[in-house]
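Visitor: Quick one: the structure is below, and I'll ask about it shortly.
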Amino acid sequence: MPDGPRYEDDFYAWSQYQAEILRTMTARDNRFDRANVAEEIEDLGKSERDAVRSEVRRILEHFLKLAYSPATEPSADWMASIAGARAQLDDKLSPTLRHDAQTVLGRLYANARRVAALGLSKYEEGNAADRLPTDCPYTLDQVLAEDWYPGPAEPSN
């Protein structure tokens with residue numbers, strides 16, 4: 001059994017570990033393109049990481065719209081989008097990618113906040129956009145919780 005993360009347990013960690021092994025192998029057969037194969041394997045893992053980050057951003061954006069938009073009609077669409085993103089995360093999230101998402105949650109939130117503010121302003125909800133918190137008010141557990149949605153935010157005085 002090879003050392004390091006197992007493919008079946010954590011694809012992202014496995015891909016990064018395998019890429020490193022390929023880079024450090026001694027070459028007996030110069031026809032094997034170690035460097036490019038290692039880079040491709042590493043990129044596959046990064047693609048999984050980027051997909052997880054994208055879904056977390058989408059959830060955070062729609063959390064903000066649910067909590068701060070005075071509009072009620074799009075709420076079901078935002079909740080459906082959150083449910084879809086959570087289903088994607090359920091397929092992709094490994095322990096390593098969960099840790100990564102936790103580590104960059106603040107940055108993902110900042111990006112989601114900008115997109116949510118633009119979306120709210122587009123529909124003349126600038127007042128709601130101005131009320132969006134600067135710091136992330138949500139935990140990763142809330143992002144991942146199957147049926148958790150934020151309630152309406154209290155108007156600031």
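Visitor: Suppose the chain between E8 and R23 were pulled fully straight at 0.36 nm per residue; how much longer would it get relative to their current alpha carbon spacing?
Guide: On the way: separation 15, 0.36 × 15 = 5.40 nm, distance 2.20 nm.
The E8-R23 span can extend by a further 3.2 nm.
Visitor: At 7 Å along the Cα-to-beta-carbon direction for both A71 and S121, put a label point, then send me their distance in nm to one decimal.
Guide: Going by the 7 Å Cα→Cβ label model, 1.6 nm.
Visitor: Please order W78, W148 by the number of other Cβ within 10 Å, starting at the fewest.
Guide: W148, W78
Visitor: Same structure, new question: Normalised by the empirical 2.2 N^0.38 Å for globular proteins, what value does the Cα Rg of the chain take? Intermediate results must be reported in sequence, preceding the final value.
Guide: On the way: Rg = 19.9 Å, N = 157, 2.2 N^0.38 = 15.0 Å.
Normalised by 2.2 N^0.38 Å, the Cα Rg of the chain equals 1.32.
Visitor: Here's another thing I want to ask about it. Before rounding to the nearest 500, sum -39500 (n - 2.57) across all DSSP H runs of length at least 4 in the chain and divide by the residue total; then give [θ] at 222 nm in deg cm²/dmol.
Guide: Calculated from helices alone, the mean residue ellipticity at 222 nm is -21500 deg cm²/dmol.
Visitor: Lysines within cross-link reach of K92: Cα-Cα under 21 Å, excluding same-chain residues under 8 positions apart?
Guide: Excluding near neighbours in sequence, the set is K46.
Laboratory data are not the source of any read-out in this text; all were calculated from the coordinates shown. Source: prediction; values computed, not measured. Counting neighbours? That spans all protein chains shown, and the Cβs are built from the backbone with ideal geometry, glycine included.
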